[in-house]
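Have a look at the structure below, then the notes.
Please treat every number below as a calculation from the coordinates, not as lab data. Small disclaimer: the values here were computed from a predicted structure and weren't measured. Reconstructed Cβ throughout: ideal geometry from the backbone, glycine too, with neighbour counts over all protein chains shown.
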């Protein structure tokens, strides 16, 4: 585990911005209720590495992406 978050009993605290841990922070700051979820990413555009997404249970968009070896994989994502 990356030790860049302040440990607190009731809060998740990131002091400052750490672009090298942005994808981890997006996962930790996510919110959902089991049916719908929002990844904790920037509201405005971000030029760094990010995995933006909204997730709805039972809804998927099969993205035929080429993976290593020329095989076609299916990424399960929600359409934006």
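Structural remarks
- Two-site label geometry, residue 12 and residue 54: point separation in nm, points 7 Å out along Cα→Cβ: 2.0
- Computed extension length for residue 3-residue 28: 7.7 nm, one decimal, from 0.36 nm per residue of separation with the Cα-Cα distance subtracted.
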